[in-house]
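K.L.:
Sharing a structure, written as structure tokens. Questions coming.
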Amino acid sequence: MWFGDAPGLPLPEISSYPNPKGTTHNAEGQRPVRKNHHELPPAVFTKLKTLDEVVERLFGEITGG
């Protein structure tokens, strides 16, 4: 699964996605929010089928050589 942009560009903005809660409870019995984590829906990811597709997403179009 791929989440990103073209080579040389920053990742898409994720701050609008919610922060998940922690898996364990704190002393007050509450699950605190996990800072610097975001829950992304599966729809924002692209399914890549081959390693060549991953390499092209990372570095751009591959030319023979």
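The values are calculated or read from the model by the stated rules, or taken from the named source; none is laboratory data. Everything numeric here is computed off the predicted structure, so don't read it as measured data. Methodologically, a virtual Cβ is constructed for each residue, glycine included, from the backbone with ideal geometry; neighbour enumeration extends over all protein chains shown. Ligands, DNA and RNA are excluded from the accessible area calculation, which covers all protein heavy atoms including side chains. Shrake-Rupley method; radii C 1.70, N 1.55, O 1.52, S 1.80 Å.
K.L.:
Within the set of pairs 6+ apart or on separate chains, which have a first residue in segment 37-65 that is without any contact (Cβ under 8 Å) to a residue 12 or more places away in the chain, a second that is of a type in the set (D, E, K, R) and open to solvent by 70 Å² or more (accessible area, probe 1.4 Å), and C-beta atoms under 6 Å apart?
P.N.:
As it stands, the answer is I62/E56, since those pairs meet every condition given.
K.L.:
Cβ-Cβ below 7 Å, separation at least six or inter-chain, first residue in segment 3-20 and assigned to a loop (DSSP other than H, G, I, E, B), second of a type outside the set (V, I, T) and loosely packed, with under 10 Cβ neighbours inside 10 Å: which pairs?
P.N.:
Every condition considered, the pairs that remain are G4/L11; D5/L11; N19/K35.
K.L.:
Right, another one. Would you please name the residue that is nearest to F59 (Cα to Cα), looking only at residues in segment 17-34 that are open to solvent by 100 Å² or more (accessible area, probe 1.4 Å) and of a type in the set (S, T, N, Q)?
P.N.:
Per the criteria, the residue is T23.
K.L.:
Of all residues being part of a loop (DSSP other than H, G, I, E, B) and touching a strand residue (DSSP E or B) at 6+ places or on another chain (Cβ under 9 Å) in segment 34-65, which is nearest to K21 (Cα to Cα)? Just the residue, please.
P.N.:
So the residue we want is R34.
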